[in-house]
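Before any comments, here is the structure.
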Amino acid sequence: MLAFFSAAGSTRADDASTLRVYDIAAHPLDTALDIYIRASGTQVFYETALTAGLTAKPVNGRFTPGAALAELLTGTGLIARRTDSDAFIILAAPRQQSVLAGLATASGLLFMTALQRGVVDALCRSERTRPGAYKVALEIWIAPSGMFQRTSLVGSTGDLERDRAVVAALSGVSIRVAPPSDSLQPFILSIGARPPDQTGDCSG
């Protein structure tokens, strides 16, 4: 089952059982987010232009995933909105003036939901690309029609054949929802390693 974003974000609170120890230094935000994704096992959507030039706040101690991410983003002018599948989208804070603010609108959230669904559905069609056994960040360029024009991996899944299979699986995918006209591309989806039966990513 796939989760949907709402304009206000999910109100579901982190369960105490999700507490983990985090030790993330004040890295550039992109680097810190990669460390966070590996440590928390969550998925994070964000645009490269949002995080460029920003530095994360250090996160040290026991936190739930949502609390750790909020701490990481403190002082950056960014906020995290949560989905029902333990995934987050990073957005410009509501009062921050930015050309990226369109993603915080209802239509922007609808687009990001469709993007998440399109990626997960495509990857779930094959055992080789099914999320859960690998970690990878994807850069995706999307046409006004909602069709994926180009997909590339940031780094590797650890298996060159799977790298090629992931790119092939996403080739020509159409989510039939246009990206916000003022958004900057590529869009980034980071997929963390965790069993699909813990997320519902490939169920149904």
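The values are calculated or read from the model by the stated rules, or taken from the named source; none is laboratory data. Just so you know, these numbers come straight off a predicted model, no measurement behind them. Cβ coordinates were reconstructed from backbone atoms using ideal geometry, including for glycine residues, and neighbour counts include every protein chain displayed.
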Practice prompt. Mind telling me which of the residues 169, 165, 137 ends up being modelled with pLDDT under 95, among the hydrophobic types (A, V, I, L, M, F, W, C) and closer than 17 Å to residue 121 by Cα?
Written response: 137
Discussion item. Just to be sure before I move on: is residue 44 aliphatic (A, V, I, L, M) and closer than 21 Å to residue 136 by Cβ in the structure I sent?
Written reply: yes
Worksheet, complete the sentence: In the range 139-191, residues that are in contact (Cβ under 8 Å) with a residue 60 or more places away in the chain and either aliphatic (A, V, I, L, M) or assigned to a loop (DSSP other than H, G, I, E, B) (or both) total 15
Worksheet entry | Given (1) in contact with a helix residue (DSSP H, G or I) (Cβ under 7 Å, 6 or more places away or on another chain); (2) modelled with pLDDT under 95; (3) buried (at least 20 other Cβ atoms within 10 Å of the Cβ); (4) closer than 23 Å to residue 49 by Cα, number of the condition residue 177 does not satisfy | (3)
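For (1) surrounded by 21 or more Cβ atoms within 10 Å (Cβ to Cβ); (2) over 17 Å from residue 27 (Cβ atoms); (3) among the polar types (S, T, N, Q); (4) at pLDDT 90 or above, each residue gets a yes or a no:
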residue	(1), (2), (3), (4)
56	yes, no, no, yes
74	no, no, yes, yes
116	yes, yes, yes, no
132	no, yes, no, no
Fill in: Only listed residue being among the acidic types (Asp, Glu), modelled with pLDDT under 85, within 15 Å of the chain's Cα centre (by Cα) and surrounded by fewer than 21 Cβ atoms within 10 Å (Cβ to Cβ), chosen from 34, 84
84
